[in-house]
Amino acid sequence: MQKEECIEIFERYIQKRATPDEITRLSRWINDNAEITLWLEQQINASSSTMDSEVQLRMLRNIKTEIEFTDKTKKANQTPKRIQLNKWIRVAAMFILPLLTAAGMYFYMSRNEATKAPLVVAVERGQKANITLPDGSKVWLNSESKLTYSATFNVKKRELQLDGEAYFEVAHNPQKPFVVRSKDMAVEALGTAFGVKAYKEDKLISSILMQGKVRVTTPDGAAILLPNDRIMYDKTKRRKALSKVTNATDFTGWIHNELRFENESLGDIAKTIQRIYNVEVVFATEKLKNQRYTGTINNNSLESVLNIITLTSPVSFQINNQQVTFSENQKLLDQYNP
C-alpha cells in the first residue's frame, strides 16, 4: 500500500467512512511496519495516565477490534505484532483521538518531514478550549483563536505561534524560554502567567502580565513587564504603549465567561461579540463604531451584553437570526445632544 493511499484510508477510518475491506488492508499495513508500531508505543508511553478506567477499557476494546491483525490465515500460522495491553491502558482519551489522524500517520511514516507538519489547536467562533502542552504548561484559548507549535516543542525550545487570544500558565524551565509569537509581537517568559490578545485582523494587539516577568518585543523595541503591566501595540502607528492596571486578572475574565472593555470602541467590541457568540454584527451608520465603553459584564448572554451597551449610549439593537444590527436611538440621541 502506498503512503498516500494509507493516509486517505486512515482519514476515512477516523470519520467512520472506511469500508471493512479498507480497514483490513490498513490493519495489515500497520502491523507489517515495525517502525510505526515502535513510534506509536513511544507516543503512548509519553501520554497522560489520567483517564477513567471504564473509558480506557472501552476505548481499548474498540481500537483493538478495529486496528489489529485481521488476516485469518496469517493469524493461524504466526503471532501478530501487537502493542502491549498495559501500554494501551495508559493512553488518555483526549490524547489518542488527535494522535490517530492523517497528519499523525504522515509523521511516523516520514520522520524527515515531521518538522514541516506543525500541531495546530483551533477554536471556532462561539467556543473556548484549554490544553496542556508537552512541557506541562497550560493554555486557555478564546473564541476564533489558533495556536500552532512544532512536533519538537520542548525538545530544545518552547515556541508557539498565536492568532487570537490566549492565557498561559507556564511551567518553569530556565533552560528553555517559553516564547509566544504573533504578528508584530513576541512574548518571552521563563515561568509565569500572562495573557496575549493578537488577532490578525485587529489594529491593536496586547499582552498583560499576572505573575512573574516577561519580555515583550515589538517592531519598535522591547519592554519588560512586571505584574499588572499591560502593553498595547498599534499596528497602524507602529508604536507601543505600556500602562499599569489595578488587577491584571480582570483582563482574562473571558476564561470564566466574563467580558471586560477598557475604553474600547463599539467597532472593536463588535468583533468580540462576533467571535464569542458566532453572529454577524452590522452598523446602520459608520459613526456608531466610534462609541467607546469601559466596564465588566458578568452575566454575558448575548442579549444581556447588548442591553447593557444600549443602556449606556444612544444605541439600539435588533437581532434577526444570526445577525445583530446596531442603529442610533434617536430619543436617547436627543438627550445626549439637547
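The values are calculated or read from the model by the stated rules, or taken from the named source; none is laboratory data. The structure presented is a predicted model; accordingly, all values stated were derived computationally and were not measured. Because the Cβ atoms are built from the backbone with ideal geometry, glycine has one as well, and the counts that use them run over all protein chains shown.
Go through region 102-135 residue by residue and tally those that are charged (D, E, K, R) and modelled with pLDDT under 50. Talk me through it step by step, then tell me what you get.
First, pick out the residues of region 102-135 that are charged (D, E, K, R): 111, 113, 116, 124-125, 128, 135.
This time we only want the ones that are modelled with pLDDT under 50, so: 111, 113.
Count: 2.
Quick grid of which residues meet (1) under 14 Å from Gly191 (Cβ atoms); (2) within 9 Å of the chain's Cα centre (by Cα); (3) modelled with pLDDT under 90; (4) surrounded by 15 or more Cβ atoms within 10 Å (Cβ to Cβ):
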position	(1), (2), (3), (4)
Ser145	no, yes, no, yes
Thr148	no, yes, no, yes
Phe153	no, no, no, yes
Lys156	no, no, yes, no
Glu159	no, no, no, yes
Leu162	no, yes, no, yes
Tyr167	no, no, no, yes
Val170	yes, no, no, yes
Phe178	yes, no, no, yes
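Tell me which strands (runs of 3 or more DSSP E) are completely within region 235-287 and hold 1 or more residues being without any contact (Cβ under 8 Å) to a residue 12 or more places away in the chain, or say none if there are none.
On the way: elements: 239-244, 259-265, 280-283.
Per the criteria, 239-244.
One residue is enough: does region 155-165 have a residue meeting the conditions assigned by TED's automatic domain parsing to the domain that holds Phe194 and in contact with a Gly (Cβ under 9 Å, 6 or more places away or on another chain)? Break it down stepwise before answering.
We begin by selecting, within region 155-165, every residue assigned by TED's automatic domain parsing to the domain that holds Phe194; these are 155-165.
From what's left, in contact with a Gly (Cβ under 9 Å, 6 or more places away or on another chain): 165.
Checked against the condition, which is being assigned by TED's automatic domain parsing to the domain that holds Phe194 and in contact with a Gly (Cβ under 9 Å, 6 or more places away or on another chain), region 155-165 yields at least one hit.
Please go through region 181-237 and give me each residue that is aliphatic (A, V, I, L, M) and either more than 18 Å from Thr249 (Cβ to Cβ) or not assigned by TED's automatic domain parsing to the domain that holds Gln161 (or both), ordered by number. Don't jump to the end; show me each part of the working.
Applying the first criterion (aliphatic (A, V, I, L, M)) to region 181-237 yields 185-187, 189-190, 193, 196, 198, 204-205, 208-210, 214, 216, 222-226, 231-232.
Answer for region 181-237, where residues must be aliphatic (A, V, I, L, M) and either more than 18 Å from Thr249 (Cβ to Cβ) or not assigned by TED's automatic domain parsing to the domain that holds Gln161 (or both): Met185, Ala186, Leu190, Ala198, Leu204, Ile205, Val216, Ala222, Ala223, Ile224.
All but one of (1) in contact with a helix residue (DSSP H, G or I) (Cβ under 8 Å, 6 or more places away or on another chain); (2) hydrophobic (A, V, I, L, M, F, W, C); (3) modelled with pLDDT under 90 hold for Leu311; state the number of the condition that does not hold.
(1)
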